[in-house]
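What follows is a set of notes on a single structure, which appears directly below.
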Amino acid sequence: MTPLGRLLAGQIASEGPMRLDRYMGACLLHPAHGYYATRDPFGRAGDFITAPEISQMFGEMIGLALAQAWVDQGRPTPFTLAEAGPGRGTLMADMVRAMRAVPGMVAAAQIHLIEASSTLREIQRETLAGQDVTWHESLASLPDQPVFLVANEFLDALPIRQFQRVKAGWSERQIGLAADGALLAGLAPPTRLAALEARIHDTKPGDVVETCAPAVAFVGDLAARITAQGGVAILIDYGNWHSLGDTFQALFAHQPVDPFATPGEADLTAHVDFEPLAQAAHAAGAQPSAMTAQGVLLERLGITARAQTLAQAMTGQALEAHIAAHRRLTHPAEMGHLFQTLAIVPQGAALPPGFDAP
Ligand code: SAH
């Protein structure tokens, strides 16, 4: 067992079974043994590769969408250019480079990063050397001014709970101990849950429903800021609308593994349900877009023209890799459809380019 596994097993032995969100939170962010706290998981040598690490075009397109929203909202100066869960800092670096094409924008931007991992903060500091950057634990400490924020594969790292439908209620998935002391997923006794009452009507016994309260709270707080101070959010993640089913997964060295076998050593994620996020944005007085597939969004933002321009300076293997990267980001059979996006703006403001109204 991993060091974190021993720690959690001890906790379960003394306190009883552990909820999935507590398990997921500990595995990802435990200060000494958590996955993000102890490593740089990105890239070919790591456990997974994200869109900004696949090609600079991803950050350029998203950066230009934020830039158009900044121009549409009257070029507020100064403004907060923010990212939640910036990984290696690659997306922010690519966005800032693209934004230099818009006169005055980079000079007006104050960069704020929301990042829990001190290991990744160090890597972000190197990637963004030369920029003035401030780090935060959460949205709460961002300055009170218009906020233009992006989050790619951030919400999928926030801890979820899972509930299995029984006849007239729900059994929560929790982690206990097997006879040999290993961690073992099981189900709590059934209860009725007010928060899931609406899902009784579209599920049947055996179905699994996931909730992610931290994601809903994050989007609610963000939308309240956007309503009060202006700005835009672009959220990008693996996801669906009105999700159903078990999407909890663990990746190690690009391979799916048992999420309970090596706590702290594998990346844990769950697909994002965009429906409650759009509802939270609406409830905070902001305007959410329709959920839009990543491939559609990038095509509308002009990724193919950008790909052709970059291709002119390439030959051989570099050109082949570039063509593969464009396909990987946009094709429906690759990331183009699996990844979905949502924009949030103040009521009455224009949505960023590429997004439709709901
Ligand atoms: N956006 C990056 C990285 C995605 S991985 C990319 O596309 O490459 C998830 C990121 O979110 C990591 O930087 C991780 O450390 C951070 N993170 C995860 N949970 C967090 C939390 N609760 N608060 C702040 N940052 C968190």
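Among residues of region 104-125 being of a type in the set (S, T, N, Q) and touching a Leu at 6+ places or on another chain (Cβ under 9 Å), the one that is farthest from the ligand (Cβ to nearest atom) is Gln110.
The sole residue among Thr330, Thr304 that is surrounded by 21 or more Cβ atoms within 10 Å (Cβ to Cβ), closer than 16 Å to Ala51 by Cα and without any contact (Cβ under 8 Å) to a residue 60 or more places away in the chain is Thr330. Among residues of region 34-61 that are over 18 Å from Ala324 (Cβ atoms), those with a Cβ under 8 angstrom from a residue that is among the aromatic types (Phe, Trp, Tyr) and more than 10 Å from the ligand (Cβ to nearest atom), sequence gap 6+ or separate chain, pair up as Asp47/Phe252. Among the residues of region 18-43, those that are within 12 Å of the ligand (Cβ to nearest atom), of a type in the set (D, E, K, R) and out of contact with any strand residue (DSSP E or B) (no Cβ under 7 Å at 6 or more places or on another chain) comprise Arg39, Asp40. For region 43-82, a residue qualifies if it is among the charged types (D, E, K, R) and either under 16 Å from the mean Cα position of the chain (by Cα) or closer than 28 Å to Gln255 by Cα (or both), and the qualifying residues are Arg44, Asp47, Glu53. Would you check if Ala101 is away from the ligand (no atom under 14 Å from the Cβ) and more than 17 Å from the chain's Cα centre (by Cα)? The answer is yes for Ala101.
For region 44-93, taking the residues that are more than 11 Å from the ligand (Cβ to nearest atom), in a loop (DSSP other than H, G, I, E, B) and surrounded by fewer than 22 Cβ atoms within 10 Å (Cβ to Cβ), the one that is modelled with the lowest pLDDT is identified as Arg44. Against the list (1) more than 23 Å from Met92 (Cβ to Cβ); (2) surrounded by 22 or more Cβ atoms within 10 Å (Cβ to Cβ), the condition Ile234 fails is (1). Within region 8-21, residues that are of a type in the set (D, E, K, R) reach partners that are at pLDDT 95 or above with beta carbons closer than 7 Å, at six or more positions or on different chains, in the pairs Arg19/Arg161; Arg19/Glu172; Arg19/Gln174; Asp21/Pro159; Asp21/Ile160; Asp21/Arg161. Of note, Glu172 does not satisfy the criterion of being within 16 Å of the ligand (Cβ to nearest atom) and either under 21 Å from Pro52 (Cβ atoms) or buried (at least 16 other Cβ atoms within 10 Å of the Cβ) (or both). When you go through Thr309, Thr292, Thr341 one by one, which is the residue that is at pLDDT 95 or above, out of contact with any strand residue (DSSP E or B) (no Cβ under 9 Å at 6 or more places or on another chain) and of a type in the set (Val, Ile, Thr)? It is Thr309.
Going through region 311-348 one residue at a time, which ones are in a loop (DSSP other than H, G, I, E, B) and not polar (S, T, N, Q)? Listed by number, the residues that qualify are Ala313, Met314, His331, Pro332, Ala333, Glu334, Gly348.
Among the residues of region 94-119, those identified as at pLDDT 95 or above, outside any loop (DSSP other than H, G, I, E, B) and under 19 Å from Ala37 (Cβ atoms) are Leu113, Ile114.
Within region 126-158, restricting attention to residues that are in contact with a strand residue (DSSP E or B) (Cβ under 8 Å, 6 or more places away or on another chain) and free of Cβ contacts under 8 Å to residues at least 24 places away in the same chain, the residue that is nearest to the ligand (Cβ to nearest atom) is Glu137. Tell me whether region 185-206 contains one or more residues that are outside any loop (DSSP other than H, G, I, E, B), in contact with a Gly (Cβ under 7 Å, 6 or more places away or on another chain) and buried (at least 16 other Cβ atoms within 10 Å of the Cβ). For region 185-206, residues outside any loop (DSSP other than H, G, I, E, B), in contact with a Gly (Cβ under 7 Å, 6 or more places away or on another chain) and buried (at least 16 other Cβ atoms within 10 Å of the Cβ): absent.
Taken together, the criteria exclude Thr227 from residues that are more than 16 Å from the ligand (Cβ to nearest atom), more than 17 Å from Ala280 (Cα to Cα), of a type in the set (S, T, N, Q) and buried (at least 16 other Cβ atoms within 10 Å of the Cβ).
Of everything listed in (1) of a type in the set (Asp, Glu); (2) more than 29 Å from Ala82 (Cβ to Cβ); (3) surrounded by fewer than 19 Cβ atoms within 10 Å (Cβ to Cβ), the single unmet condition for Glu265 is (3).
The values are calculated or read from the model by the stated rules, or taken from the named source; none is laboratory data. All figures in this text were calculated on a predicted structure; none of them were measured in a lab. All Cβ positions, glycine included, derive from the backbone under ideal geometry; neighbour counts span all protein chains shown.
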